[in-house]
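Peer 1: Dropping the structure in here first, questions after.
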Amino acid sequence: GELVHFDRIQIRGNTKTRDKVIRREMKVNEGDLYTTTGLKESQRLIKNLGFFAEVSVATSKADEPTRMNVDVDIKERPTGTLSAGVGYSSVDNFVFQGSASQDNFLGLGLRGQVGASLGGSSSTYRIGLLDPYFLDRNLTLGFDIYKTEREWTSFSRDALGGNVKVGFPLPFENNRAFLIYRFEKKDIYDVDDDASFYIREQQGKSTLSSIQ
């Protein structure tokens with residue numbers, strides 16, 4: 001019989017997620033020759049985003065008999081988490097922890113997180129953001145920034161640092177390689193005279209720069 005091509009790709013049910021976040025997971029395009037494998041793979045990839053409770057990729061008749069629409073029906077689900085806790089240790093006494101994360105920030109598929117931990121002799125703050133399709137390309141770009149302060153028995157340590165990560169696809173399907181640049185400034189101070197030689201040797205300010 002006559003060959004059938006895809007006509008319009010229609011996305012419905014996405015009240016938060018932008019259309020482009022779903023379309024870039026599609027393995028079929030408007031005008032392509034009909035393929036059942038492409039439809040099934042598109043549905044699998046959209047489900048794997050983790051943003052939706054239900055995903056359906058089906059076809060419907062178009063205006064022309066040799067064309068067929070693709071109907072993508074989804075149901076959104078919550079993609080954010082918020083947690084808080086209190087603990088106790090012999091070193092820090094009471095420790096208060098809190099964090100928040102969002103896997104679909106602004107409906108753009110961005111993954112963001114922020115967290116803090118506060119104790120009697122330590123504190124940690126962290127924030128991060130990851131864009132799996134930077135500039136709408138198959139390129140991942142993200143960063144993390146952290147700050148830590150800690151008082152030990154024989155010295156104190158402050159650190160401020162972060163990293164930038166770039167990911168790119170490998171020839172193998174659904175695999176990525178990441179290149180990470182890390183930078184940290186640290187300060188070791190209030191070092192006791194009876195501290196170990198290893199600690200006394202690191203006293204003062206220093207920087208760390210690495211690629212992995």
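Peer 1: Against the conditions (1) under 26 Å from GLY13 (Cβ atoms); (2) buried (at least 17 other Cβ atoms within 10 Å of the Cβ), where does GLU54 fall short? Just the number, please.
Peer 2: Only one criterion is unmet by GLU54, namely (2).
Peer 1: Across the stretch 140-173, what is the number of residues that are among the aliphatic types (A, V, I, L, M) and open to solvent by less than 60 Å² (accessible area, probe 1.4 Å)?
Peer 2: Of the residues in that region, 3 qualify.
Peer 1: With the condition kept exactly as written, say whether any residue in the stretch 118-139 is touching a residue at least 40 places away in the same chain (Cβ under 8 Å), open to solvent by less than 60 Å² (accessible area, probe 1.4 Å) and either among the polar types (S, T, N, Q) or out of contact with any Pro (no Cβ under 6 Å at 6 or more places or on another chain) (or both).
Peer 2: Yes: one or more hits.
Peer 1: Name every residue in the stretch 20-43 that is among the β-branched types (Val, Ile, Thr), under 26 Å from the mean Cα position of the chain (by Cα) and part of a loop (DSSP other than H, G, I, E, B), in order of residue number.
Peer 2: Taking the stretch 20-43 first, the residues among the β-branched types (Val, Ile, Thr) are 21-22, 28, 35-37.
Those still in the list that are under 26 Å from the mean Cα position of the chain (by Cα) too: 21-22, 28.
If the condition is that a residue be among the β-branched types (Val, Ile, Thr), under 26 Å from the mean Cα position of the chain (by Cα) and part of a loop (DSSP other than H, G, I, E, B), then VAL28 is the only one that fits.
Peer 1: Also, I was wondering about something else. Looking only at the stretch 191-212, count how many residues are open to solvent by 100 Å² or more (accessible area, probe 1.4 Å) and either in contact with a strand residue (DSSP E or B) (Cβ under 8 Å, 6 or more places away or on another chain) or acidic (Asp, Glu) (or both).
Peer 2: Going through the stretch 191-212 one residue at a time, the tally reaches 7.
Peer 1: Still on this structure, I have one more. Does LYS61 count as open to solvent by 40 Å² or more (accessible area, probe 1.4 Å) and under 23 Å from TYR133 (Cβ atoms)?
Peer 2: no
Peer 1: I would also like to ask the following. What pairs come out if I take residues in the stretch 67-93 that are touching a residue at least 40 places away in the same chain (Cβ under 8 Å) and surrounded by fewer than 16 Cβ atoms within 10 Å (Cβ to Cβ) and pair them with residues that are outside any strand (DSSP E or B) and not polar (S, T, N, Q) whose C-beta lies under 8 Å away, six or more apart or interchain?
Peer 2: The qualifying pairs are ASP73/GLY13; LYS75/GLY13.
The values are calculated or read from the model by the stated rules, or taken from the named source; none is laboratory data. Nothing here was measured: the structure is a model prediction, and the numbers come from that model. Neighbour counts run over all protein chains shown; Cβ positions are idealised from the backbone, glycine included. Ligands, DNA and RNA are excluded from the accessible area calculation, which covers all protein heavy atoms including side chains. Shrake-Rupley method; radii C 1.70, N 1.55, O 1.52, S 1.80 Å.
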